[in-house]
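**Student:** Got a structure for you, written out below as C-alpha cells; questions coming shortly.
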Amino acid sequence: MEDPHPSPPSPPKLRARAVTRTFGRAAGAVHALGPVDLDIAPGEFTCVVGPSGCGKSTLLRIGAGLLRPSSGELSIRTSARHPVAMIFQDYGIYDWKTVQANVRFGLDIQKVPRREANARATRWLTRMGLADFADAYPATLSGGMRQRVAIARALAVEPEILLMDEPFAALDAQLRTILQDELLALTQTTETTTLFITHSLEEAIVLGDRVLVMSAGPGRFIAEQRPPFDRPRTGAVRSAPEFTALKSELWELLRGEVGVRAAA
C-alpha cells in the first residue's frame, strides 16, 4: 500500500546552475565548459562520460573548489566543515610519506588528534587490504595499491561528497575491474554522494546510478541514462544483456561527439 503522505525528496547534495568556464581572455579565450545544470541527490553515484577535452575534469575541479566558474553557480549542501574529497588519476599521494601518513594526511590537515587519526587511517588501510603496508613508501607499491591508498585517504576524512577524476584510467584492464568492484562495494556501504569522471562506458554502467553524456567541448549534458540494475549490485551485471544494450546505446550517443572533437 502506497504511503498517502510520501516524504518530499531531499534537496540535492550538489547543484550546478548555468555553470560555464572559459580559460584565457579576449580573442584567445577558450570556452571549455557549459552552460551545464546538474543536481546530485544525497547518496547518489553519478558518472559523467564524454570525449576528451569536453570539460569533464573542469566541472569536477569547480566542484572541488579548485576552479571558479566563469559564470553560473555550483553549490554544495552540507553541514560538514570539510565536505568534499577528491581522487585524481595520478594518485596524488606523497612519495616521501609512508602509506599510513598518506592516508592520515587529510585528518592531519583537519587537526584530528593523532591517536584518532591513526585509528581511522588503520581502519581504512585494513578495509582496503593494505594493513601490512602501513610503514611502506609509495615507490614500493604497485599502481593498484597506490590507488587504494588514494581512495583510503579520501574516505578516511568521511567526506559527504567524493569527486573522482578517472581514478583507474592508468591501470591495466584486470586491475581496473577489481578496483571498480571494490569501489562499488565501498560506496554502497558508505552511501557517499559521488561524482565520477570516466572515459569507460563499462565503468560508468557498473558504478553509476546515473550516466550523464557530455557533448564535445564546450561540454554540455546531452543525455542521461539510468542503468537498470538494483542496488546493492555487483560486477556480475557486466554479463547481463541489459548491460550490453545500454553500452551500445551510450556509444551511439557518444560516437558522434567523439567525431566532432576529432574533426575540430
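**Student:** Kindly provide the set of residues from segment 104-113 that are in a helix (DSSP H, G or I) and touching a helix residue (DSSP H, G or I) at 6+ places or on another chain (Cβ under 8 Å), ordered by number.
**Tutor:** Across segment 104-113, the qualifying residues are 104, 105, 106, 107, 108.
**Student:** Does segment 78-93 contain at least one residue that is at pLDDT 90 or above, more than 16 Å from residue 158 (Cα to Cα) and either in contact with a Gly (Cβ under 7 Å, 6 or more places away or on another chain) or outside the structural domain of residue 191 (by TED's automatic domain parsing) (or both)?
**Tutor:** Within segment 78-93 (the criterion being at pLDDT 90 or above, more than 16 Å from residue 158 (Cα to Cα) and either in contact with a Gly (Cβ under 7 Å, 6 or more places away or on another chain) or outside the structural domain of residue 191 (by TED's automatic domain parsing) (or both)), the answer is no, since none of the residues qualifies.
**Student:** Here's another thing I want to ask about it. If you scan segment 188-197, which residues turn out to be within 19 Å of residue 212 (Cα to Cα) and either out of contact with any Cys (no Cβ under 6 Å at 6 or more places or on another chain) or of a type in the set (Asp, Glu) (or both)?
**Tutor:** 192, 193, 194, 195, 197 - these are the residues of segment 188-197 that are within 19 Å of residue 212 (Cα to Cα) and either out of contact with any Cys (no Cβ under 6 Å at 6 or more places or on another chain) or of a type in the set (Asp, Glu) (or both).
**Student:** Just the residues that are of a type in the set (Val, Ile, Thr) and in contact with a Phe, Trp or Tyr (Cβ under 8 Å, 6 or more places away or on another chain), please, taken from segment 226-248.
**Tutor:** 237
**Student:** Restricting to strands (runs of 3 or more DSSP E) lying wholly in segment 183-244: which have 3 or more residues that are over 20 Å from residue 88 (Cβ atoms)?
**Tutor:** Once the strands (runs of 3 or more DSSP E) in segment 183-244 are filtered for at least 3 residues that are over 20 Å from residue 88 (Cβ atoms), what remains is 210-214, 221-225.
**Student:** Of the conditions (1) polar (S, T, N, Q); (2) touching a helix residue (DSSP H, G or I) at 6+ places or on another chain (Cβ under 9 Å); (3) surrounded by fewer than 17 Cβ atoms within 10 Å (Cβ to Cβ), residue 239 fails just one. Which one is it?
**Tutor:** (2)
**Student:** List every residue pair whose Cβ atoms sit under 8 Å apart, with the two residues 6 or more apart in sequence or on different chains, where the first one lies in segment 64-77 and is without any contact (Cβ under 8 Å) to a residue 40 or more places away in the chain and the second, anywhere, is among the hydrophobic types (A, V, I, L, M, F, W, C) and loosely packed, with under 15 Cβ neighbours inside 10 Å.
**Tutor:** Qualifying pairs under 8 Å: none.
**Student:** Something else about it: Out of 138, 113, report the one residue that is modelled with pLDDT of 90 or more and buried (at least 16 other Cβ atoms within 10 Å of the Cβ).
**Tutor:** None of the other options fit; the residue is 138.
**Student:** Tell me, which residue of segment 24-51 that is without any contact (Cβ under 8 Å) to a residue 12 or more places away in the chain and not hydrophobic (A, V, I, L, M, F, W, C) is farthest from residue 191 (Cα to Cα)?
**Tutor:** Here the residue is 28.
**Student:** Take the residues of segment 96-108 that are in contact (Cβ under 8 Å) with a residue 24 or more places away in the chain and not polar (S, T, N, Q): which is nearest to residue 145 (Cα to Cα)?
**Tutor:** 99
**Student:** What do you reckon, is residue 243 more than 13 Å from the chain's Cα centre (by Cα) and more than 25 Å from residue 108 (Cβ to Cβ)?
**Tutor:** In short, yes.
The values are calculated or read from the model by the stated rules, or taken from the named source; none is laboratory data. Worth saying up front: this structure is predicted, and the values here are computed from it rather than measured. Cβ atoms come from the backbone with ideal geometry, glycine included; neighbour counts cover every protein chain shown.
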